[in-house]
Structure formats: C-alpha cells, structure tokens
Amino acid sequence: MVKIAPSLLSADFGRLQEEIADVTAGGADLLHLDVMDAHFVPNLTFGPFIAKAIRRITELPLDCHLMIEDPLTYGPEFAKAGCEIVTFHVEVDQDPAEVIDAIEAAGAKAGMVVNPDTDVRRLAPWLDRCAMVLVMSVFPGFGGQSFIPEVLENIRVLRGELGYDRDVEIDGGISPATAAAAKEAGANVLVAGSAIFGKPDRAAQIRAIRDA
Ligand code: DX5
Ligand code: ZN
C-alpha cells in the first residue's frame with residue numbers, strides 16, 4: 001500500500017487550512033511537516049507551536065521530519081504537539097537510542113533519516129526500533145530540488161540486505177515522473193511538496209504520484 005504525504009513546505013501558509021482541506025479531499029494519507037533549525041540545514045521553518053496549530057485543523061496523521069541538530073530536546077515537543085511520527089537524521093551528533101526513547105516516551109513513533117550521501121547501513125543498530133525510515137532523495141533544506149536517482153540504492157539495501165519491512169519513506173523531488181522508480185526500489189511512503197502544492201489540481205497530482 002502506497003501512502004502519499006504532501007509536504008506543507010510548499011503550501012501557502014497564509015491559507016493553510018484551505019491547503020490542508022484541498023490535499024485531504026485529494027486523497028493525502030498523511031501530512032509531512034518539515035522542521036528546520038538554520039543549523040543542521042541552511043533554512044528555518046517552524047516549531048512545535050505551529051505543529052500544534054496544524055494538529056487542531058486536521059485529522060490526518062502528522063509526519064514530522066526534523067532537520068535539526070537537537071532532536072533529543074525538540075523531538076518530544078513535536079510528539080506532545082500531536083505528531084504521530086517524528087523522524088530525525090542519523091547525521092546529527094546525538095545518541096539515536098536516547099532520541100528514540102525520548103520521542104516514544106512523549107507519545108509518538110520514532111523513525112530515522114539518511115541524507116543522499118549517507119550509507120543506509122549506518123542505521124543498522126537502530127532499525128528494529130524505527131517505525132519508519134526516511135531516505136532523502138535531495139539534500140535537505142529546500143523544496144523544489146531535483147531527484148537524485150543514486151539514493152534508490154539506499155532503499156534497495158534497506159529492503160534487501162537489511163531486511164527492513166516497515167514503512168520506507170522517500171523525500172525530495174518526488175513527482176509523477178520519479179515516483180515509479182522510488183516505488184520499484186521499495187519505497188511505500190512518498191513525500192511530495194512542489195509536485196502537489198505547485199499545481200492547481202492537487203487531487204490529480206496525488207493520484208498521478210500514487211498510480212505512477
Ligand atoms: C526538503 C524537505 C522536503 C521538501 C520536498 O528539505 O525535507 O520534504 O519539502 O519538497 P519537493 O517535493 O518539492 O522536493
Ligand atoms: Zn521532508
């Protein structure tokens with residue numbers, strides 16, 4: 001079962017409620033929240049306060065992608081704000097087991113993320129504790145970048161050699177043109193920002209990505 005997660009990074013935040021209603025009617029399965037701290041990535045987005053406000057205006061599960069240096073402190077805050085799943089990067093300088101413990105203790109599922117130039121085998125010690133693995137298909141920080149096909153190898157290794165059978169999410173440059181390759185490699189949760197919010201007919205885009 002393929003799930004589609006529109007990334008709100010490309011939504012119009014001045015009309016967020018309508019934007020969310022639009023992708024919900026269009027068949028979105030979850031909402032992807034991109035959290036950036038201007039340290040781990042060169043961009044800054046929003047904190048738990050906004051996640052909590054989004055929680056109040058939708059019933060879709062919230063998928064929180066932390067692109068921040070300190071998920072140990074803030075991961076639990078996003079869990080308490082009502083995010084179902086909170087993912088953090090293996091590239092940060094913290095103990096993943098501790099971060100997972102903290103997120104779970106605050107009531108959310110935890111998952112881990114690898115950048116395009118990180119070998120997914122690095123996740124091996126914590127895979128049995130990850131409810132989801134997110135494989136980045138662009139370098140994090142901005143929407144609208146081009147898909148990096150070499151990351152499909154990370155997904156194949158995850159599904160094959162590492163035997164990971166839970167959700168595998170892919171994020172960055174996903175569109176009706178790139179979704180088929182991502183699915184073929186083994187991804188089942190597809191994040192898309194500009195490909196959905198950048199087009200007037202969101203339902204058609206969601207369908208095209210799902211059916212690609
Ligand atoms: C990139 C973010 C992505 C981004 C994807 O740093 O993690 O979630 O919003 O945007 P598109 O789909 O436009 O590449
Ligand atoms: Zn993301």
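Tabulated values for the structure
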| read-out | value |
| --- | --- |
| Residues of region 86-99 satisfying the condition of being surrounded by 23 or more Cβ atoms within 10 Å (Cβ to Cβ) and either assigned to a loop (DSSP other than H, G, I, E, B) or among the β-branched types (Val, Ile, Thr) (or both) | 86, 87, 99 |
| Subset of region 111-130 [in a loop (DSSP other than H, G, I, E, B) and in contact with a helix residue (DSSP H, G or I) (Cβ under 6 Å, 6 or more places away or on another chain)] | 116 |
| Filtered residues of region 177-208 (kept if basic (Lys, Arg) and in contact (Cβ under 8 Å) with a residue 60 or more places away in the chain) | 183, 202, 207 |
| Residue in region 96-106 that is closer than 20 Å to residue 143 by Cβ and at pLDDT 95 or above present | no |
| Conditions (1) free of Cβ contacts under 8 Å to residues at least 40 places away in the same chain; (2) within 16 Å of ligand 2 (Cβ to nearest atom); number of the one not met by residue 211 | (2) |
| Candidate set from region 11-29 (those that are in contact (Cβ under 8 Å) with a residue 40 or more places away in the chain and more than 17 Å from residue 204 (Cα to Cα)); member that is surrounded by the most Cβ atoms within 10 Å (Cβ to Cβ) | 16 |
| Residue in region 162-170 that is in contact (Cβ under 8 Å) with a residue 60 or more places away in the chain, open to solvent by less than 30 Å² (accessible area, probe 1.4 Å) and within 16 Å of ligand 2 (Cβ to nearest atom) present | yes |
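Here's the yes/no breakdown for (1) within 13 Å of ligand 1 (Cβ to nearest atom); (2) in contact with a strand residue (DSSP E or B) (Cβ under 8 Å, 6 or more places away or on another chain):
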site: 138; (1), (2): yes, yes
site: 144; (1), (2): yes, no
site: 156; (1), (2): no, no
site: 159; (1), (2): no, yes
site: 164; (1), (2): no, yes
site: 186; (1), (2): no, yes
site: 192; (1), (2): yes, yes
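Listed here are the residues, each with its yes/no results for (1) at pLDDT 95 or above; (2) within 15 Å of ligand 1 (Cβ to nearest atom); (3) under 16 Å from the mean Cα position of the chain (by Cα).
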{"site": "5", "(1), (2), (3)": "yes, yes, yes"}
{"site": "9", "(1), (2), (3)": "yes, yes, yes"}
{"site": "14", "(1), (2), (3)": "yes, no, no"}
{"site": "27", "(1), (2), (3)": "yes, no, no"}
{"site": "35", "(1), (2), (3)": "yes, yes, yes"}
{"site": "39", "(1), (2), (3)": "yes, yes, no"}
{"site": "64", "(1), (2), (3)": "yes, yes, yes"}
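The values are calculated or read from the model by the stated rules, or taken from the named source; none is laboratory data. Please read these numbers as outputs of a predicted model, since none were measured by experiment. Please note: Cβ atoms are built from the backbone with ideal geometry, for glycine as well, and neighbour counts cover all protein chains shown. Surface accessibility is based on the protein's heavy atoms, side chains included, excluding ligands, DNA and RNA. Shrake-Rupley method; radii C 1.70, N 1.55, O 1.52, S 1.80 Å.
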